[in-house]
Amino acid sequence: MKHFVFVPILFFGVAVGSAAQAQRSQTPMMGWSSWNTFRVNISESLIKETADSMVAKGLKAAGYANVNIDDGYFGGRDGNERLISHPKKFPNGMKAVADYIHSRGLKAGIYSEAGNNTCGSMYDNDAFGLGVGFFGHEEQDVQTFFDEWDYDYIKVDFCGADRLRLDEKTQYTRIWNAIQSSAKAKAGGEIRFNICRWAFPGTWVTKVGGSWRISADIRNSFSGNQGGLLGVRDIFEQNLYLAAYASPGRFNDMDMMQVGRGMTDDEEKSHFGLWCIMSSPLMVGCDLRTIPRSTLDIITNSEVIALNQDTLGLQAQVISRSGHCIVVAKPVETRRGAVRAVALFNGEDAPKTLRITFKDVQLGGKVKVRDLWAKTDVGLFDGYYETLVPAHGAAMLRLEGESAFDKRCYQGEDAFMNAYTAIVDGYSGARAEEASDAAASGGYIMSRLGGSPENWAEFRDVYVSQGGKYIFKLHYYSPESRSLLVIVNGTEHRMANLTSGGGGSQAEASIEVELRQGSNVIRLANPTGMAPDVDMFEIKPL
């Protein structure tokens, strides 16, 4: 099925005003895409009217810069195997449409398939989607999309490629290499590349994609799985432990938004707010010509958008969770500062009082709390802040402490797991992954670490304000004697004979390590055998 991912080819500066700014290539894409509402039933007039609506209704001013044409524009290939547009839907051709979008001060996006046949040809009986995919035409189609038609973004699906049993990494890398070789890219133009593989494809994608889908397609519902489509809550929960794979210009894509298509205001606020704080692309999928005023007010909230477009490019991480009530947070504005963005998400069916404890986000002293939906300061608080959150709602907060202190506890499930992939069909190699464990400190652990030289995990920003000797304390599970390499900035430390016994018992072990002032990289590995399951580790100065 489908969605988007973007890849910056060359970065260039864009003038920035307020939070309702023009977006930059190192922040998530903002815009509109045709699929959710129109599927293959699109036309030149629809796309032009949508571009007009983005300008007239203030979306462009709020930062929504992209008009993305999804599946349904194809007209097959000509006698020279070159792509052509549908003669009735797009009678003036795709270049004319891109030119019109550009004339409105917007970016133009388009769609293709990694294999041969598009998703629309399979699921919407669009015969024009047969044989129009990238497979076997990579360089030729890149030239058409970017050098001839002058598009700025492409979403590449995997329906046909899946049928052909193509290797994701090989085919998407081939397409990416072709994009980099296009005349537009070589001339300094920006092309954003979205990999639509419906699950986190593997860590290779962080070097190829600008964004990549992490889930099945979104359905127009707050929750639930129907026909393989997932609700808002389900997609959010699939993305909770993927923050390590996001960075400026490279983002986990939670799919096009279903705002404006019938959810309640509280559900739409949750949908939009969570997509913002998780640094997902913000692609509106409703009919912009008839978008409700209430939805417009939600998706043009400049203070919530600012969390998504924050230049640090961080994805929020789990602070606490109980059932479907989940608190996530991230630093914003300054990485080592005393400002945090927080979402208190109530995914349950009744109102809940949710709390953020300030020490859990490394804030000290009095903390100023701002309600981003209301755009008002709530007050100064000691220790924690809590509020009643409606069913299916999300409180979006900005916290500013009097001080900030170093993080001391790192959850195993938050690591960059080098061999991790969510595509497991036919996968036989060792790969670490997050796993549920009710007894663990965060309810999750890192499991299946080790067993090969490639199956390691890293914490890439273990920051200490003062360098020196520290105690590294590991909290782990191991029913048998196992060992672990702790590699600190390239220096190896071996922890041997780690066993916690059976019955799900947890144990602790400590070593002394040297940390430099500033950011440190700590890698956990066992190249020859399985490592213990990791709940967390603590860093304490001697």
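Where a number appears in this text, it was derived from the coordinates with a stated rule and is not lab data. From a predicted model like this one, the values you see are computed outputs, not experimental measurements. With ideal geometry, Cβ positions are generated from the backbone for all residues, glycine too; neighbour counts draw on all protein chains shown.
Just to be sure I understand: of the beta bridges DSSP finds with both ends in the chain, what percent are antiparallel, rounded to 5?
So the antiparallel bridges in the chain amount to around 75 percent.
Count the DSSP beta bridges whose two residues both fall in region 30-308, then state the antiparallel fraction as a percent rounded to the nearest 5.
Details: 5 of 30 bridges.
Here the share of antiparallel DSSP bridges comes out near 15 percent.
How would region 406-542 be classified by its alpha-carbon gyration tensor: rounded, prolate or oblate, with rounded meaning a/c under 1.5 and the a/b versus b/c comparison settling the rest? Mind showing how you got there, number by number?
Details: a/c = 1.63, a/b = 1.39, b/c = 1.17.
It is prolate, given that a/c is not under 1.5 and a/b is the larger ratio.
Where a ≥ b ≥ c are the square roots of the eigenvalues of the C-alpha gyration tensor, would you call region 116-246 rounded, which needs a/c under 1.5, or, failing that, prolate if a/b is larger than b/c, or oblate?
Values: a/c = 2.00, a/b = 1.37, b/c = 1.46.
Oblate is the answer for region 116-246, as a/c is 1.5 or above yet b/c matches or exceeds a/b.
Rounded to the nearest Å, what's the spacing between the alpha carbon centres of region 224-301 and region 162-193? Just the number, please.
Taking the Cα centre of region 162-193 as reference, the centre of region 224-301 is 26 Å away.
Of all the stretches in the chain, which is the longest one without any exposed loop site, taking chymotrypsin sites (Phe, Trp or Tyr not before Pro) in a DSSP loop (any state but H, G, I, E, B) with at most 13 other Cβ atoms within 10 Å? Write down the numbers at each step before the final one.
Details: sites that count: Phe11, Phe12, Phe405, Tyr427.
It runs 13-404.
For the pair Tyr123/Ala391, report the inter-label distance in nm, with labels modelled 7 Å from Cα in the Cβ direction.
So the two model labels end up 2.9 nm from each other.
So which of Lys60/Lys352; Lys57/Lys375; Lys366/Lys540; Lys155/Lys352; Lys155/Lys186; Lys169/Lys269 end up more than 28 Å apart by C-alpha? Numbers along the way, then the final one.
Details: Lys60/Lys352 36 Å; Lys57/Lys375 21 Å; Lys366/Lys540 24 Å; Lys155/Lys352 38 Å; Lys155/Lys186 20 Å; Lys169/Lys269 35 Å.
Among Lys60/Lys352; Lys57/Lys375; Lys366/Lys540; Lys155/Lys352; Lys155/Lys186; Lys169/Lys269, the Cα-Cα distance tops 28 Å for Lys60/Lys352; Lys155/Lys352; Lys169/Lys269.
Mind checking which aspartates and glutamates have their Cα closer than 19 Å to the Cα of Lys48? Skip sequence neighbours fewer than 8 apart in that chain.
Asp70, Asp71, Asp99, Asp150, Asp152, Asp287
Take the Cβ-Cβ distance between Ser510 and Gln226 as r, set R0 to 45 Å, and report the resulting FRET efficiency rounded to the nearest 0.05. The partial results should precede the final answer.
On the way: r = 49 Å, r/R0 = 1.08.
After rounding, the FRET efficiency stands at 0.40.
Which shape class applies to region 206-364: rounded if a/c is under 1.5, otherwise prolate when a/b exceeds b/c and oblate if not, where a ≥ b ≥ c are the square roots of the Cα gyration tensor eigenvalues?
On the way: a/c = 1.43, a/b = 1.26, b/c = 1.14.
Rounded shape, in that the Cα axes give a/c under 1.5.
Return the distance in nm (one decimal) between the two label points of a simple spin-label model at Thr491 and Leu542, each offset 7 Å from Cα along Cα→Cβ.
Computed distance between label sites Thr491 and Leu542 equals 1.0 nm.
In the chain, which cysteines lack any other cysteine Cβ under 4.7 Å from their own?
So, Cys196, Cys276, Cys286, Cys325, Cys409.
For region 30-308, report the convex hull volume of the alpha-carbon atoms normalised per residue, in Å³, without decimals.
Working: hull volume 33.8 nm³, N = 279.
Given the Cα convex hull of region 30-308, per-residue volume reads 121 Å³.
Ranked highest first by average number of other Cβ atoms within 10 Å, how do 261-268, 312-319 line up? Please report the intermediate quantities before stating the final value.
Working: 261-268: 18.0, 312-319: 19.6.
Per-residue mean Cβ counts within 10 Å order the peptides as 312-319, 261-268.
So for the pair Arg77, Arg460, with labels modelled 7 Å out along Cα→Cβ, what separation do we get in nm?
Taking the two extended label points, one gets 3.7 nm.
Run the numbers for Thr376 and Thr311: contour at 0.36 nm per residue of separation, minus the present Cα-Cα distance, in nm. Write down the numbers at each step before the final one.
Details: separation 65, 0.36 × 65 = 23.40 nm, distance 2.30 nm.
My answer for the length gained is 21.1 nm.
Taking each pair of different alpha-carbon atoms in the chain once, compute 1/r for the pair, average those values, and report the inverse of that mean as the Kirkwood hydrodynamic radius in Å to one decimal. Mind dumping the intermediate values first?
Values: mean 1/r = 0.0414 Å⁻¹.
Radius from the Kirkwood sum: 24.2 Å.
What ratio of Cα Rg to 2.2 N^0.38 Å holds for region 317-404? Write out the running numbers ahead of the final one.
Details: Rg = 12.3 Å, N = 88, 2.2 N^0.38 = 12.1 Å.
Ratio of Rg to 2.2 N^0.38 Å for region 317-404: 1.02.
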